[in-house]
Amino acid sequence: RDISPQNILISYEGAVKLTPHSGLPSLYLYHNAGAFKEANYYYKDCEYQEEAVRGYDCHEMLFNPGYFVYNIEDGDNCVLVASTESYDEIDTMELLQSEISRRSKVLRAAKLEKQVLDPLLVSADSFLVQGPKEQTKTVIAGYHWFGSRGRDALIAMPGLALASDRIEDAKSLLTTMAMYCSEGMMPNRFSEDKNEPEYTSADSALWFFHAVHKFLLHTGDVAFVERELLGTLLNIVHYYVHG
């Protein structure tokens, strides 16, 4: 999207606020730089090679608001935190340690003997995201072109959640999908700008059965399936039988 010349750039101690477009949220850049220098450069017709290969719209005007100047000495930490949320105070080192601790917990929970698999687990973690409602889970189908897709989530769930022993995430993903089952169909896409999901895949409901089966094989938690998912499974069978 071309960025209009009416950018709103506010720089204050330890932070820069940039509102690039009236329809977009503000971006906050928290830092410990010595200074922020405004540039306000526009680069026209920048080409994204991967988008061009895929046949997508591949040209865009990019805006460079400025640059940070750091005075670095031995032992210094250079900090830059990007967020769409505003904070009165931000402890960047605490954020860093919190994320390291969270990822370590993911790795420990997987109980895998070979550390060579650790990068795969961390990568898998990035695809499990908050669902359409709080406390729900879904899967990003593919960065950066695809958002949350129900069919992809069900196909990927055994590898993303069960293989790493993230049982609660697997449960949340399955119950989220069950919540949105409509006339025997599972949502194929959760739109980012609309609350209503899209039902455009005929076989997503069958992948739901597959995912539930994999969940049972891994956990043996029949009680959870009977309590939370059986009604949805029977509903799907009913609609398949009746066309």
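The values are calculated or read from the model by the stated rules, or taken from the named source; none is laboratory data. Values in this document were obtained by computation on a predicted structure and should not be read as measured data. As a convention, Cβ positions derive from the backbone with ideal geometry for all residues, glycine included, and neighbour counts pool all protein chains shown. Please note that ligands, DNA and RNA were not included when accessible areas were found on the heavy atoms of the full protein model with its side chains. Shrake-Rupley method; radii C 1.70, N 1.55, O 1.52, S 1.80 Å.
Taking segment 149-201 as the range and being within 21 Å of Leu121 (Cβ to Cβ) and within 16 Å of the chain's Cα centre (by Cα) as the test, the residues that pass are Asp152, Ala153, Leu154, Ala156, Met157, Leu160, Ala161, Asp169, Ala170, Ser172, Leu173. The set of residues in segment 83-93 that are within 16 Å of Tyr12 (Cα to Cα), surrounded by 10 or more Cβ atoms within 10 Å (Cβ to Cβ) and of a type outside the set (S, T, N, Q) comprises Tyr87, Ile90. Given the criteria open to solvent by less than 70 Å² (accessible area, probe 1.4 Å) and in contact with a strand residue (DSSP E or B) (Cβ under 9 Å, 6 or more places away or on another chain), does Ala110 qualify? The answer is no for Ala110.
Given the condition open to solvent by 80 Å² or more (accessible area, probe 1.4 Å), of a type outside the set (Phe, Trp, Tyr) and either outside any loop (DSSP other than H, G, I, E, B) or within 30 Å of Arg166 (Cβ to Cβ) (or both), answer yes or no: does some residue in segment 71-79 qualify? Looking through segment 71-79, none of the residues is open to solvent by 80 Å² or more (accessible area, probe 1.4 Å), of a type outside the set (Phe, Trp, Tyr) and either outside any loop (DSSP other than H, G, I, E, B) or within 30 Å of Arg166 (Cβ to Cβ) (or both).
Would you mention how many residues in segment 17-34 are outside any strand (DSSP E or B), within 17 Å of Tyr87 (Cβ to Cβ) and either in contact with a Lys or Arg (Cβ under 6 Å, 6 or more places away or on another chain) or polar (S, T, N, Q) (or both)? Of the residues in segment 17-34, 2 are outside any strand (DSSP E or B), within 17 Å of Tyr87 (Cβ to Cβ) and either in contact with a Lys or Arg (Cβ under 6 Å, 6 or more places away or on another chain) or polar (S, T, N, Q) (or both).
When you check Tyr67 against the structure, is it within 30 Å of Lys44 (Cα to Cα), touching a Lys or Arg at 6+ places or on another chain (Cβ under 6 Å) and open to solvent by 60 Å² or more (accessible area, probe 1.4 Å), yes or no? For Tyr67, the condition - within 30 Å of Lys44 (Cα to Cα), touching a Lys or Arg at 6+ places or on another chain (Cβ under 6 Å) and open to solvent by 60 Å² or more (accessible area, probe 1.4 Å) - is met. Within segment 140-157, the set of residues being in contact (Cβ under 8 Å) with a residue 24 or more places away in the chain, open to solvent by less than 30 Å² (accessible area, probe 1.4 Å) and over 15 Å from Pro197 (Cα atoms) comprises Leu154, Met157.
Just so you know, in segment 103-153 the residues that are assigned to a strand (DSSP E or B) and polar (S, T, N, Q) include one that is nearest to Val212 (Cα to Cα), and it is Thr138.
Kindly list, by first and then second residue, each pair from a residue in segment 223-239 that is open to solvent by 70 Å² or more (accessible area, probe 1.4 Å) to a residue that is part of a helix (DSSP H, G or I) and among the aliphatic types (A, V, I, L, M), limited to pairs with Cβ atoms under 9 Å and residues at least 6 apart or on different chains. Every condition considered, the pairs that remain are Glu228/Leu174; Glu228/Ala178; Tyr239/Ala205. For segment 128-139, a residue qualifies if it is touching a helix residue (DSSP H, G or I) at 6+ places or on another chain (Cβ under 9 Å) and either closer than 26 Å to Glu50 by Cβ or open to solvent by 30 Å² or more (accessible area, probe 1.4 Å) (or both), and the qualifying residues are Leu128, Pro132, Lys133, Gln135, Lys137, Thr138, Val139.
May I ask you to say which residue of Ala52, Ala39 is more than 23 Å from Phe127 (Cα to Cα), open to solvent by less than 60 Å² (accessible area, probe 1.4 Å), of a type in the set (A, V, I, L, M, F, W, C) and assigned to a strand (DSSP E or B)? None of the other options fit; the residue is Ala39. What number of residues within segment 177-201 are out of contact with any Lys or Arg (no Cβ under 6 Å at 6 or more places or on another chain), open to solvent by 60 Å² or more (accessible area, probe 1.4 Å) and touching a residue at least 12 places away in the same chain (Cβ under 8 Å)? Summing the residues that are out of contact with any Lys or Arg (no Cβ under 6 Å at 6 or more places or on another chain), open to solvent by 60 Å² or more (accessible area, probe 1.4 Å) and touching a residue at least 12 places away in the same chain (Cβ under 8 Å) in segment 177-201 gives 7.
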